[in-house]
Structures are given as C-alpha cells and as structure tokens.
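Structure first, then comments.
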Amino acid sequence: MDETEALRLETELATGLRLVLRGVQFAERGLQGRITRRPGYVLVEYRDETSGYFWDLDVLCRLLAMVAEHAPRLACGATLVLHEDGHLD
C-alpha cells in the first residue's frame, strides 16, 4: 500500500466518508486542489503535473486534513478549493 492510499484509508475511517482521489491538471495555475461532496462519496482532486507520480504529497495531506475538518458538514454538490497561497474558497 502506498502512502497516498494509506492517507485515503485513514481519512475514510476518521470521517466515515468514502473518498475518491483524482490527479488533475488545472487550467488555473494557482489552484492546488478541490474537494467536492457528491452523493455517497467525496471527490478530492489534486494538482498532478506529472502523471504516475505525486510530487506534492504535502498538498494531498492538506486536502485530506480539510476533508476531515469540512466534508462531513458540506452539502451535496458543495466544493472547497485550495489555492497555492493556502487559502480555501
């Protein structure tokens, strides 16, 4: 089990929510990640510039910490966005 899978499982156990992790290439340069509450799961999208290798494990760790803090209270369809400067929309 790799580190990202272990983090995902740990966050799922802590929140009781099913998580889907997906690396994406955002058009907006300052975007680091996005958390979206969907029916039955939470989608966690993170900036993935190089397919097959996660260069920014710290970004994923921050996103999963935000899932643990915010996702249980998010309405279905709501999205949180993590920016490069660390602020959350």
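Among what's in the range 66-85 and is among the acidic types (Asp, Glu) and touching a Gly at 6+ places or on another chain (Cβ under 9 Å), pick the residue that is surrounded by the fewest Cβ atoms within 10 Å (Cβ to Cβ).
ASP85
So ASP48 clears everything in (1) buried (at least 17 other Cβ atoms within 10 Å of the Cβ); (2) in contact with an Asp or Glu (Cβ under 7 Å, 6 or more places away or on another chain); (3) not polar (S, T, N, Q) except one condition, right? Which one?
(2)
For residues that are more than 21 Å from ARG73 (Cβ to Cβ), of a type outside the set (S, T, N, Q) and crowded, with 17+ Cβ neighbours inside 10 Å, scanning just the range 12-45, find the one that is modelled with the lowest pLDDT.
Restricting to residues being more than 21 Å from ARG73 (Cβ to Cβ), of a type outside the set (S, T, N, Q) and crowded, with 17+ Cβ neighbours inside 10 Å, the top hit is GLY23.
The values are calculated or read from the model by the stated rules, or taken from the named source; none is laboratory data. Keep in mind that this is a model prediction, so the values were computed, not measured. As a convention, Cβ positions derive from the backbone with ideal geometry for all residues, glycine included, and neighbour counts pool all protein chains shown.
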